[in-house]
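Visitor: Got a structure for you, questions after.
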Amino acid sequence: PGAMIKATLLSAAACHGVLAWEAATASVSWAPGVSCPAGAFEFDPSSMYGESGYEWVGDVVASIHHIGNPQSCCQLAGGDGIHGIGRFYTLCNPKTGCHDSKRAYTCTIFSNVTGKRPLAGALSGHAQAPVRSIINGVQHAEGANNYANPFVSACRPGKTEAIPGDSNITIPGAGGGHGAREEGAVCAPWCGCPKAKEGQPACLGGFVECPTDDLPPGTTATPQCFLLGVAPRDFNCALVCDPSDPTGGPASRCPKGAACKPLYSKLDVASAGIFNTGACVYN
């Protein structure tokens with residue numbers, strides 16, 4: 001009987017955790033995460049990796065000291081694909097105006113975020129973890145849109161020799177949390193460092209961002225550099241969206257013919273204390 005009571009209490013606690021998170025996020029709107037590809041050779045010195053002037057309000061998962069690089073804080077929150085599926089983070093760096101002496105050079109990671117409060121000089125964001133993808137055979141043709149449907153059209157060719165054309169990529173997805181996968185494919189532009197070298201602190205020639213032009217008509221979903229291929233530095237872009245609406249919703253509308261498929265299971269999302277993120281894919 002004691003074991004049965006303990007199991008019942010644990011089950012109730014887990015259920016309460018899911019319900020508490022769903023209630024807590026009522027005041028936090030969905031927004032695309034911050035992509036921060038792992039490795040010094042992926043560093044983009046022009047990126048802020050978040051927004052300034054506030055910190056998150058929620059459950060503190062970890063406080064990592066001696067962190068001043070915003071990319072490192074983003075990666076520790078899950079942006080490297082190693083530390084979970086991407087949580088909320090706040091970095092307090094005195095060099096950017098955050099003068100809280102108890103939190104100087106500290107990266108704080110949160111789950112179950114309910115809102116935010118002012119903290120001058122702090123940098124806050126939500127990490128978008130890299131997602132493993134599958135590269136398929138592709139055909140290129142001039143005039144194609146970025147993020148096009150590879151089942152009905154060719155993909156966009158590369159602009160220069162250093163930057164390849166869009167790839168026909170399958171994104172596995174996560175489905176409903178019971179092992180079912182809702183995969184789909186998209187013409188995915190390349191992103192990253194075209195002239196990167198191992199050990200270099202920054203890209204040689206600049207970081208190639210995800211294209212925001214030549215999107216399919218009506219698209220409001222956000223391009224993100226988060227699709228990880230076979231090689232460690234092999235990244236592609238996709239459109240991230242709010243999977244609570246199959247179309248992505250008004251603020252993150254997928255192209256016509258595409259659906260917003262969740263990247264993570266409901267169980268993983270509840271365990272990490274975050275909201276889910278989707279990708280616009282075609283079937």
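Visitor: How many residues, within segment 146-158, are open to solvent by 60 Å² or more (accessible area, probe 1.4 Å) and under 26 Å from the mean Cα position of the chain (by Cα)? Working first, answer last.
Guide: First, pick out the residues of segment 146-158 that are open to solvent by 60 Å² or more (accessible area, probe 1.4 Å): 151-152.
Remaining after also requiring under 26 Å from the mean Cα position of the chain (by Cα): 151.
Number of matching residues: 1.
Visitor: Do the conditions hold for Pro262, that is, is it in contact (Cβ under 8 Å) with a residue 60 or more places away in the chain and touching a Gly at 6+ places or on another chain (Cβ under 9 Å)?
Guide: Working: in contact (Cβ under 8 Å) with a residue 60 or more places away in the chain: yes; touching a Gly at 6+ places or on another chain (Cβ under 9 Å): yes.
Yes: the conditions hold for Pro262.
Visitor: Looking at (1) at pLDDT 60 or above; (2) surrounded by fewer than 15 Cβ atoms within 10 Å (Cβ to Cβ); (3) part of a helix (DSSP H, G or I), which is the only condition Gln75 fails?
Guide: It is condition (2) that Gln75 fails.
Visitor: Counting just the residues of segment 35-68 that are among the hydroxyl-bearing types (Ser, Thr, Tyr) and open to solvent by less than 50 Å² (accessible area, probe 1.4 Å), which one comes out modelled with the lowest pLDDT? Walk me through it before giving the result.
Guide: Just the residues of segment 35-68 that are among the hydroxyl-bearing types (Ser, Thr, Tyr), to begin with: 35, 46-47, 49, 52, 54, 63.
Retained after the next criterion (residues that are open to solvent by less than 50 Å² (accessible area, probe 1.4 Å)): 35, 47, 49, 54.
Working: Ser35: 86, Ser47: 73, Tyr49: 88, Tyr54: 95.
Only one residue fits best here, namely Ser47.
Visitor: Test Ser63 against the criterion of being closer than 30 Å to Pro255 by Cα and hydroxyl-bearing (Ser, Thr, Tyr), and give yes or no. So that I can check it myself, show each step before the final result.
Guide: Values: closer than 30 Å to Pro255 by Cα: no; hydroxyl-bearing (Ser, Thr, Tyr): yes.
Judged against the criteria, Ser63 is not a match.
Visitor: Considering only segment 93-114, state which residues are within 16 Å of Gly53 (Cβ to Cβ), open to solvent by less than 50 Å² (accessible area, probe 1.4 Å) and of a type in the set (Ser, Thr, Tyr).
Guide: Within segment 93-114, Thr108 is the sole residue that qualifies.
The values are calculated or read from the model by the stated rules, or taken from the named source; none is laboratory data. As the structure is a prediction and not an experimental result, all values here were calculated from the model. Neighbour counts run over all protein chains shown; Cβ positions are idealised from the backbone, glycine included. For the accessible areas, the whole protein counts, side chains as well, though only heavy atoms, and no ligand, DNA or RNA atoms are used. Shrake-Rupley method; radii C 1.70, N 1.55, O 1.52, S 1.80 Å.
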